[in-house]
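What follows is a short report on a single structure.
The values are calculated or read from the model by the stated rules, or taken from the named source; none is laboratory data. Quick caveat, the model's predicted, so the values are computed rather than measured. Cβ placement follows ideal geometry from the backbone for every residue including glycine, while neighbour counts extend to all protein chains displayed. Surface areas here come from the heavy atoms of the whole protein model, side chains and all, with no ligands, DNA or RNA. Shrake-Rupley method; radii C 1.70, N 1.55, O 1.52, S 1.80 Å.
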Amino acid sequence: MSAPEADAGSVAPAPAVRPKMAWSWRLREAISAWLPILLMGALALGTWWLVKVTPGPVTERRPIPPRHEPDYAMNDFSVQRFARDGKLRLHIEGAQLRHYPDTDTIEIDEVRIRAVGTDDRVTVANARLAVTNSAATEVQLQGGAQVLRLATPREPALEMRGEFLEAFLDTERVRSHLPVVVRSGADELRADSFEYDHASRSAQLKGRISATFAPPARRSPNTTGRR
């Protein structure tokens, strides 16, 4: 059954109170799980910021205006991070990585991230482009962005999709000014834009909002999300 569209900041109540409460809890749980993944990815990429061009001899020269051109790049790269017990915790790969010295940012084409939490639950993320700032406090997934927390025997898959997802790691916020789709098993929520604050565990949905809840008989903890 699909919930009718509503004005900004309001959602028509579902016929049953229990599914609405369950969905609200799943939404907070899903976004909370994605923040550490983006944080680990930013920290892993931070190692490349230590790679700087060796300065040449000091000579008097006219300053050259900075241009937005990469000072180094990596093609078909892959980086992994392991826990102290030897288990693989993070794997990042992409078609090309570029560092821009004028803005001190890193861009990655066709980025793919796979992370394993301390509870061994797997989260994967991908997008056509990932951008992170020099302080590793802001990460943007642009173009076909998808973050998927795989299903377990007890919990369904949790998935977020959109053309733009932005995470602020220092303040633990996730937002998008473009339409997003959030799925939990057979349940689905759509909004024109949203913002999630982990500190207050609150989510603001704006614009046209719709929600679809599967009947209890159709709910299955083994449901997996697909792109």
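Just a few scattered comments:
- Residues of segment 142-166 that turn out to be of a type outside the set (Asp, Glu) and free of Cβ contacts under 8 Å to residues at least 40 places away in the same chain, as a count: 7
- Residue within segment 107-125 that is of a type in the set (S, T, N, Q), part of a strand (DSSP E or B) and open to solvent by less than 30 Å² (accessible area, probe 1.4 Å) present: yes
- Residue count for segment 79-102, restricted to those that are of a type in the set (S, T, N, Q) and open to solvent by 70 Å² or more (accessible area, probe 1.4 Å): 1.
- Filter result for Arg128 (of a type outside the set (Asp, Glu) and surrounded by fewer than 16 Cβ atoms within 10 Å (Cβ to Cβ)): yes
- Only one of Val131, Val139, Val147, Val124 that is closer than 21 Å to Tyr196 by Cβ and in contact with a Phe, Trp or Tyr (Cβ under 6 Å, 6 or more places away or on another chain): Val147
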